[in-house]
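The values are calculated or read from the model by the stated rules, or taken from the named source; none is laboratory data. For clarity, every value in this text was computed on a predicted model and none was experimentally measured. All Cβ positions, even for glycine, are placed from backbone atoms using ideal geometry, and neighbour counts span all protein chains on display.
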Amino acid sequence: MARHRVASVADLAADSIKRVDAGRFPICLAHAEDGNFYALDDTCTHEEFSLSEGELWGMDVECPQHGSRFNLLTGKVTGLPAVVPAKTYPVTLEGGDVYVEVPD
Amino acid sequence: MAITAATLGRTELQGEPGWLSDRRRAALATYERLPMPSKTDEEWRRTDVSGFDVSAYSELEHREGLKLDAGRLPAGVILKPLREAASENRELVEPRLFSLIGSDRDRFNALHAAFFTGGTFLYVPDGVVIEEPILGRHLSHAGGNFVLPHTLIVAGRGARFHYLDEYIGDDSEESGYRSGSAEIYLGEGSEVGYVSVQKWGRNAWHFADQRAQLQKDSTLRLFDVTLGARFSKTRVEASLVGPGADAELKAIYLASGEQFFDFHTLQDHQVGNTRSDLLFKGALQDVARTVYAGLIKIEKGAARSDAYQANRNLVLSDHAKATSIPMLEIDNNDVRCTHGATVGPIDPQHMFYLRSRGIPEATARRMLVQGFFGDVLDRIPFEHARTLIEAELETRLG
Amino acid sequence: MATAPRVDVGSDYKEKYGFFVPEDYVFKAKRGLNPEIVKEISWMKKEPEWMLKMRLRSLEIFRKKPMPTWGADLSVIDFENIFYYLRASDKQSKTWEELPPDIKKTYDRLGVPEAERKFLAGVSAQYESEVVYHSLHEELSKKGVIFTDTDSALRDHPELFKEYFGTIIPPADNKFAALNTAVWSGGSFIYVPKGVRVDIPLQAYFRINAENMGQFERTLIICDEGSFVHYIEGCTAPIYTSDSLHSAVVEIIVKKNARCRYTTIQNWSTNVFNLVTKRAMVFGDATMEWVDGNLGSQITMKYPSVYLMEPGAKGDVLSVAFAGKGQHQDAGGKMIHVAPNTTSTITSKSISKNGGRTSYRGHIKIYPGANNCKSFVKCDALLLDDESRSDTYPYNDVDAENVTLGHEATVSKVSDEQLFYLMSRGIPRAEAETMIVNGFIEPFTKELPLEYAVELNRLIQLEMEGSVG
């Protein structure tokens, strides 16, 4: 696993999402309503659109193209038409920085 | 260095007549104007070209990329590199070149029209029959990573002959940009057998447009083989414009490793009393992916058309993916129109039968794949091509 | 319409139909689509805040999404010239005399009873079957079955409602799902508890109120484990509406070992654009069946789909489309195999006549890991003359191992041999053709309740005579 600094905490207001890159992995980084940061693979498992261009809907992120929803904690699908869960990656905060851990 | 307008002035393209240079410039402008196809375009939805960077390739194929081989040709037959014909037989070439496949259908189609390099012009006058097949061999050379041959075939009334386009990659793993397009004009009552065998190197990007126009009572027997390239997109189209026209479009493909093959076909019945028969059969191994999308179009007034279209996929591994989209648009009721698609594994009963005879699994598998292709191989229009294709399959299935 | 005479729907409307009629608010129906209309709809219905938010957001999504570039030509729809919400009392503002003569004639020929006719024609909001509904309702309640209109369900069963609403078909799924979510009204809500089998088909018919046949109805059906329900919407008689756009959304959840059948007979008058999204999510060893007949409308775009989520799930679509002059039926089905050992079939029968156009559009998708699946699609099209058109667009994506997928389609005319055979027995040509067409769609009619099957055959006869539309 490799740890990448992807943003500073100040970059993301609460209840917002942002596209970042952790090495070669495109990541949808979320600052959720519970105050925590979450990282999901940015590519929707349905038809490969970018989740970070969608919207947060409570603890779910919603794909802009067809409205598929994924839970931020687990990556599980919470709304069709996607059926394959999104990959999630561990996030850590250090100082004012956000780190995401991805496979090598 | 990328391909630019300056490339048009390169030695490989010098000595061409003005009309052709003008066309190349126009096609280049079209290329620059058109966007890259995106996932929101239906035709490209499953065909990802985002990994293809044209600017990575700049070395045009040199002039010796084409080897033509034919027996003694009857008087009046013209067989020569297309670029020579553009000067010497302008009246035959100019009105036909790119008028079937176009030069603005998408970026790659335009790029091909702007930079096509090698290629053949074949003209067979009215009533002439050629017994020996004519062989066009297109060889990619080390250093030439931009290889875009174009074949233009004109069959006069009642002409009869066979032609083979063979696209041969060298052994290098070098990636490159390739196409192998063909335009075939079938005059009244002509009979043409056309075979293309694509075996570029495994890292090539291949984009090809093949289109035939069939006049009254003409017969086309087309056979396509796709084996090479890591990405291959081929359009195979036949326009039946005269009654009695008959197009047989057959193809086989064997996709393995990380290969991606895309086929788009069109059987366009513009007039009645025409017949088309299409069968595309493919086997997929490893993590290969294939897309077949075909359309039978029966225009209004094309009564008594008879059209058949089938796509059969044999999926040999857990991770291969096959997409099949056989489509019909029928605007006349007095037709016979059937299509079908299948995607499936080797029939376990067949496998069991062979294994129970003591045949090892790998051999049994090869036999079953060969058996799968068997019925369509019978439709290869001439012996030379058949021998070549069977040998090629034998090696690859080994 | 707003200026036309109104019919009093009675003072006990709220009790009977669960529909709130504000007394001190003069609602004037307005054309056009904007946040104010959406807010008004939500306000009139006294909805919770979350639903208002969802409606407004859906309106935004609707605005952003491009019109589909495939399928039928929808460019003529003028979204600003449509009533998005009409109070029940606004709806019966027509008189019987105002109805187009062809519609009246069809009612006569089909033998539809007077009361029912007026209801179908939008002249009356009531119809005698309310009695049937009330006794049925009691029986269902005893078993714990909820069968109500969707507006009432939001009010009376908020938890159940919120858990599923919009999770099968999110507003962003497509432009018309977004539109529906923004302005939905009416539709059916059904919950069948664990192990309960509802023996008689539930018909939207029973639950008559004017909302029921709305333009933007929203239906949600939840079949709990081991349950069974058959729901029927529509009817064979043409339903007349002066509104040109009908865009419904139907969401269905079929849990383990349950079975749901959803039968539709769509026969909108031929001025209607019918753009409907229907989708079911099916779990282990459960079955979803869509029986879908499309006869009316100017344009229909409808592809009932089934998501096969767990092993043993099964999906069926049986679809019939009839397109006459000026009509385009773009219909089909989608089967999304998510889990291994799931099976699906789609059978489509279409008939085009007098320049009508039918299109089959389908999608079979087998996801990676959904091994050992079987799917079979069969499409038959009958073209009755040389002005008519038929298309077939089947998309088949197989990404799993050991999958057997087959697709077959044929397009033909009425066979000369069959015609000759019947005519040689003294049957006139027109009648012989009708018999052949009825035979052609028999796999469909035999799945219908008897009274529907009889009416459908009668209707086909009418269509064949060219006396309809």
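Worth pointing out:
- Residue in region B:340-348 that is closer than 18 Å to B:Y308 by Cβ, in a strand (DSSP E or B) and over 26 Å from the mean Cα position of the chain (by Cα) present: no
- Criterion: touching a residue at least 24 places away in the same chain (Cβ under 8 Å) and under 29 Å from C:I336 (Cβ atoms) - qualifying residue of C:A400, C:A430: C:A400
- Taken over region C:349-370, the criterion of being within 23 Å of C:D285 (Cα to Cα) and either buried (at least 20 other Cβ atoms within 10 Å of the Cβ) or more than 8 Å from chain B (Cβ to nearest Cβ) (or both) is satisfied by C:H363, C:I364, C:K365, C:I366, C:Y367, C:G369, C:A370.
- Of all residues making up region C:382-392, the number that are under 17 Å from B:K297 (Cβ atoms), within 7 Å of chain B (Cβ to nearest Cβ) and either free of Cβ contacts under 8 Å to residues at least 60 places away in the same chain or of a type in the set (D, E) (or both): 6
- Search result, residues across region B:312-341 that are out of contact with any Asp or Glu (no Cβ under 8 Å at 6 or more places or on another chain), more than 7 Å from chain C (Cβ to nearest Cβ) and without any contact (Cβ under 8 Å) to a residue 40 or more places away in the chain: B:N313
- Residues in region B:285-306 that are more than 9 Å from chain C (Cβ to nearest Cβ) and either acidic (D, E) or over 19 Å from the mean Cα position of the chain (by Cα) (or both): B:Q285, B:D286, B:V287, B:A288, B:K297, B:E299, B:A302, B:R304, B:S305, B:D306.
- Within region B:247-258, considering residues that are buried (at least 20 other Cβ atoms within 10 Å of the Cβ) and of a type outside the set (A, V, I, L, M), the one farthest from B:F280 (Cα to Cα): B:Y253
- Qualifying residues in region A:70-86 (those that are within 14 Å of chain C (Cβ to nearest Cβ) and over 19 Å from C:F176 (Cα atoms)) - the one surrounded by the fewest Cβ atoms within 10 Å (Cβ to Cβ): A:K76
- Annotation: C:S305 fulfils all but one of (1) surrounded by fewer than 23 Cβ atoms within 10 Å (Cβ to Cβ); (2) within 27 Å of C:Y84 (Cβ to Cβ); (3) not hydrophobic (A, V, I, L, M, F, W, C); the unmet one is (1).
- In region C:403-427, residue farthest from C:C373 (Cα to Cα) [restricted to those that are of a type in the set (S, T, Y) and without any contact (Cβ under 8 Å) to a residue 24 or more places away in the chain]: C:S424
- Count of residues meeting criterion [more than 10 Å from chain B (Cβ to nearest Cβ) and crowded, with 21+ Cβ neighbours inside 10 Å] in region C:393-430: 0
- Filter result for C:L419 (farther than 30 Å from C:I336 by Cα, assigned to a helix (DSSP H, G or I), at pLDDT 85 or above and not aromatic (F, W, Y)): yes
- Output for region C:154-168, where each listed residue is away from every other protein chain (no Cβ under 14 Å) and under 22 Å from the mean Cα position of the chain (by Cα): C:L154, C:F161
- Restricted to region B:342-351, and to residues there that are more than 16 Å from B:Q370 (Cα to Cα) and facing another protein chain (nearest Cβ under 7 Å), the residue that is surrounded by the fewest Cβ atoms within 10 Å (Cβ to Cβ) is B:T342.
- Out of B:E174, B:E132, B:E166, one residue alone is more than 21 Å from B:Q213 (Cα to Cα), among the acidic types (D, E) and either within 20 Å of the chain's Cα centre (by Cα) or not assigned by TED's automatic domain parsing to the domain that holds B:R235 (or both). It is B:E166.
- Within region C:169-188, the only residue that satisfies the criterion of being of a type in the set (S, T, Y) and within 13 Å of chain A (Cβ to nearest Cβ) is C:T181.
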